[in-house]
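Novice: There's a structure below that I have some questions on.
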């Protein structure tokens, strides 16, 4: 039995063979993440090739291509690292020798960094482990005092507390990465460091030029993105709550509340939400999670997130398969006690704008108030199943289609199970054929009651206009 909440597993050195990837799919992963932040272009292309081989055995697996974005980093130290201590002066300078940093200061990859800063601003390096306070600025040189010191090594990231950095969300390398993802038939593209809806529009415009139909996921990592969440959600297919950089920018004290708010807003906007970063961090080196991690996963699941993501746990961790198995167990356990599944008020008191949406919402209402075993959506685009999945419910949603892109797309939706029906003529996909296949898979039995939604013109996207309650005989 698989959890309704979907699991994203990140590929990397620990998870880069066809055998290992097949095993983590069997363990519960529904989406494979390829991170353009790590590895050469040839490494990335090799991962795409492997995942496409995996799809020959598991055809409905979705691929999420994650763009690198403009991560601001320090440059290199002559000795590889330095120890800086509280009270020490330390400078950051975009014009400084990129390979000659020392205990006094270091270069940065961000040209013009000094223009976004003023005295008393707080800079956080290496995921917040090192904290600097800006003292003064001379030309390109940013003079700081060390507040929290420690060992600082090459190429660590820099964040500004409270956000406000003027970097663009998309680089030329990101545009090339989109081309690669499209060529290898990825299903979703994740944009790093989104600040506004304009960033999302730029990606969608490029995808349209390519003739590609990838879903666009906006990563919420900046303080500005939280402020602009409504316009970002409007332009996106979903959001990823990337709690590492986001927590550094807004402060960890507010992070959990903002995570819950973002998940709720995504659900209200009928968009995908992914909860990410350090969910099972201890399992990079341990076979079991901490109690705090267990609670973290449970909270995300019970808030209704579509997917939970494993990053370093599977990419470079010692126990990638165990991490996926553990995440599966935690999701199943949390869903079993989900007291919110039938007590939601999403769209209550609001008007519906399409017949398709009306049918889907009516189906979910019935499902939460009637003894049913499954919801079955005959869908060309996957949209009806997506609408259904916005409401939590206790029964599975089967998205039935002969369109492989649709079947992979719905693999991201909470509670939705892709079911492929091969047919030369989409009008041959009947309720009887679907029921027969589900009975063969032992998903349904005689006497079970199901909801079936379909359109008058099978094979036409957006045409769902029928709802039928059917008792299996």
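Novice: Can you spot a residue in the stretch 403-422 that is part of a helix (DSSP H, G or I) and more than 25 Å from residue 269 (Cβ to Cβ)? It would help to see each step written out before you state the result.
Specialist: Of the residues in the stretch 403-422, the ones part of a helix (DSSP H, G or I) are 404-412.
Retained after the next criterion (residues that are more than 25 Å from residue 269 (Cβ to Cβ)): 404.
Checked the stretch 403-422: at least one residue is part of a helix (DSSP H, G or I) and more than 25 Å from residue 269 (Cβ to Cβ).
Novice: Is the stretch 141-161 home to any residue that is touching a residue at least 12 places away in the same chain (Cβ under 8 Å), part of a loop (DSSP other than H, G, I, E, B), touching a helix residue (DSSP H, G or I) at 6+ places or on another chain (Cβ under 9 Å) and at positive phi? Break it down into steps so the answer makes sense when it comes.
Specialist: At the first step, the residues of the stretch 141-161 found to be touching a residue at least 12 places away in the same chain (Cβ under 8 Å) are 141-161.
Retained after the next criterion (residues that are part of a loop (DSSP other than H, G, I, E, B)): 149, 154-156, 161.
Going one step further and asking which of them are touching a helix residue (DSSP H, G or I) at 6+ places or on another chain (Cβ under 9 Å), we end up with 161.
Okay, now just the ones that are also at positive phi, so none.
No, the conditions are met nowhere in the stretch 141-161.
Novice: Is the stretch 95-103 home to any residue that is outside the structural domain of residue 315 (by TED's automatic domain parsing), crowded, with 22+ Cβ neighbours inside 10 Å and over 23 Å from residue 217 (Cα atoms)?
Specialist: yes
Novice: Which one of these does residue 276 not meet: (1) within 28 Å of residue 126 (Cα to Cα); (2) touching a helix residue (DSSP H, G or I) at 6+ places or on another chain (Cβ under 8 Å); (3) surrounded by fewer than 24 Cβ atoms within 10 Å (Cβ to Cβ)?
Specialist: Answer for residue 276: the failing condition is (3).
Per-residue answers, yes or no, for (1) closer than 30 Å to residue 145 by Cβ; (2) touching a residue at least 40 places away in the same chain (Cβ under 8 Å); (3) surrounded by 14 or more Cβ atoms within 10 Å (Cβ to Cβ):
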position: 7; (1), (2), (3): no, yes, yes
position: 12; (1), (2), (3): no, yes, yes
position: 20; (1), (2), (3): no, yes, yes
position: 24; (1), (2), (3): no, yes, yes
position: 34; (1), (2), (3): no, yes, yes
position: 45; (1), (2), (3): no, yes, yes
position: 67; (1), (2), (3): no, yes, yes
position: 79; (1), (2), (3): yes, no, no
position: 82; (1), (2), (3): yes, yes, yes
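Novice: Another question, if that's okay. Among the listed residues 361, 375, 388, identify the single one that is assigned to a strand (DSSP E or B) and either within 20 Å of residue 306 (Cβ to Cβ) or in contact with a strand residue (DSSP E or B) (Cβ under 6 Å, 6 or more places away or on another chain) (or both). Walk me through how you get there before you give the answer.
Specialist: Working: 361 fails: assigned to a strand (DSSP E or B); 388 fails: assigned to a strand (DSSP E or B).
It is 375.
The values are calculated or read from the model by the stated rules, or taken from the named source; none is laboratory data. Treat the numbers as computed from the prediction; the structure is a model and nothing was measured. Here Cβ is always computed from backbone atoms with ideal geometry, including for glycine, and neighbour counts include all displayed protein chains.
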